[in-house]
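The values are calculated or read from the model by the stated rules, or taken from the named source; none is laboratory data. Note that the structure is predicted; figures quoted are calculated from it, not measured. Every residue, glycine among them, receives a Cβ derived from its backbone with ideal geometry; neighbour counts consider all protein chains shown. Just the protein is used for accessible areas: all its heavy atoms, side chains included, with ligands, DNA and RNA removed. Shrake-Rupley method; radii C 1.70, N 1.55, O 1.52, S 1.80 Å.
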Amino acid sequence: MGNRINVTRSSLPCFEEYVNEIKDMWDSHWLTNMGVKHSLLCEELKKYLNVENIELLTNGHMALEMTLQAYDFPAGSEVITSPFTFASTTHAIVRNNLKPVFCDINESDYTIDTTKIEALITDKTVAIVPIHVYGNICNVEEIGRIAKKYNLKVIYDAAHAFGEEIDGISVASYGDASCFSFHATKVFNTIEGGAVVFKDVNLGKQIYRLKNFGIRDEETVDGIGANAKMNEFCAAMGICNLRHLDDEITKRKEVFERYQKRLFGVDGIKICGKIPDNFRCNYAYFPMVVDKEKFGKNRDEIKTELEGHGIGARKYFYPITSEFDCYKGVIECQETPVALNISKKVLTLPLYADLTLEEVDTICEIILS
Ligand SMILES: *Cc1c(COP(=O)(O)O)cnc(C)c1O
């Protein structure tokens, strides 16, 4: 692969640190099923996120899927969400026999447009599943107000928002539940993994059961569960990676700010503006939206040009989920013109802790040349 630059590069602790963390597993022979590493990571994450309740899962997708399942909504109930996201969010809804109702996004930060939610609510609506896309935090206050008024659950897809805070308050504390992904490509990883932060302890008990086949006790199985337990090797990776996370985020910040410095104000390129002082950002992604009329080149041309230099940028998120082939003729999809338009113009640039500022400069020069 030589000097290829991918859109992301997984964080790893040093080899010795990980080996040291997993050593005692050779004494206990306890490899999965909620062992000591699983418990320890739960405790560490509660402290890091400053929350009271968390359940760990095999991945972020199962966090979403099992949280929705735990509510046991009637089949065919409607869930308001946005299609400007990774496949997982919409699939989790559909796989629970629920009906996604697509709400458009904001032009400004690509999160759900809260002014358009109420018009989509019917007597079948049971929940809102908004996405903190790119780590941009949804209008949590307004979503909370709407949910309360119509008695809806709010389950955030917080896969991009790990560790973020507004005014010192964790994003995980908004809504009824927040689902995180600890996939290798995310800011914090457990190789594969995920978690749900929730308020209602009974919901947590249900998720705990569902992730372990619905088993209540040795002789009682009263949930149609699956297997979504985080294993000990993954939990151990999380314990190690969490120790270095703040340093990683600091390095990401430098990369992010270099991109901002080089690309801000360029005609036809829209990027994230200044991060407000009261927001602790995790610098997960660097999306840029390209307007061919003004810039002269379109998103696909820039992607191809970067690719020619061994640089992998990604069309996150294209296509929008409501355009997926698997949903054609299967679910009715509302029109979301803003999401559709952004999806055709957006490109996310390489961003990870070890990306050097010189590499960022090279990427920007290729884009601008
Ligand atoms: C990564 C991701 C998920 C799924 O997480 P996995 O851990 O990969 O299963 C869900 N939603 C969004 C927005 C994501 O980016």
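Please work out the average accessible area per residue across the chain, using the 1.4 Å probe convention, and give it in Å².
Per-residue accessible area for the chain comes out at 46 Å².
Quick one: which residues, 5 or more positions from GLY268 or on another chain, have an amide H under 5 Å from its amide H? H modelled 1.01 Å from N in the peptide plane, none for Pro or chain starts.
Answer set, sorted by chain and number: none.
If you look at just the Cα atoms of the chain, how large are its Rg and its Dmax in Å?
Every Cα atom of the chain included, Rg and Dmax give 20.7, 67 Å.
Ignoring ligands, DNA and RNA, what percent of the 1.4 Å accessible area of the stretch 234-369 is carbon and sulfur?
After summing per-atom areas, the C and S share lands at 49 percent.
Given a Förster distance of 45 Å, report the FRET efficiency between ASP291 and SER28 from their Cβ-Cβ distance, rounded to the nearest 0.05.
The computed FRET efficiency comes out at 0.20.
Based on the inverse mean of 1/r over its pairs of different Cα atoms, what is the Kirkwood hydrodynamic radius of the stretch 212-369, in Å?
For the stretch 212-369, inverting the mean 1/r across all distinct Cα pairs yields 19.0 Å.
In the calculated pair distance distribution of the stretch 220-290, what percentage of Cα-Cα distances lie above 14 Å?
Summing the P(r) tail past 14 Å for the stretch 220-290 gives 73 percent.
Just to compare against my own numbers: the Cα pair-distance distribution for the stretch 1-47, 5 Å bins, whole % per bin, please.
Result, from short to long distances: 5, 15, 16, 20, 17, 9, 8, 9, 1 percent.
In square nanometres, what is the average projected area of the Cα convex hull of the stretch 74-164?
Spelled out: convex hull of the Cα atoms, projected over all directions, averaged, 5.5 nm².
If you wrap the stretch 1-122's Cα atoms in a convex hull and average its projection over all directions, what's the area in nm²?
12.4
Simple spin-label model, 7 Å along Cα-to-Cβ: ASP200 to THR122 in nm?
2.3
What spacing in nm lies between the two simple spin-label points modelled at ALA226 and VAL36, each 7 Å away from Cα in the Cβ direction?
About 3.1 nm, to one decimal.
Can you pull the percent of the stretch 139-226's accessible area that's carbon plus sulfur, 1.4 Å probe, other chains left in place?
Using a 1.4 Å probe with all protein chains present, the stretch 139-226 comes out at 51 percent carbon and sulfur.
With the full set of protein chains in place, find how many percent of the accessible area of the stretch 19-107 is carbon and sulfur; take the probe as 1.4 Å.
52
Average projected area of the Cα convex hull of the stretch 152-248, in nm²?
7.6
At a Förster radius of 35 Å, what calculated FRET efficiency corresponds to the Cβ-Cβ distance of GLU254 and THR115, to the nearest 0.05?
0.50
Measure off 7 Å from each Cα along the Cα-to-Cβ vector at HIS309 and VAL330, then give the distance between these two points in nanometres to one decimal.
Once both label points are built, they end up 3.9 nm from each other.
Evaluate 2.2 N^0.38 Å with N set to the residue count of the stretch 119-206, then give the Cα radius of gyration divided by it.
Normalised Rg, Cα atoms only: 1.13.
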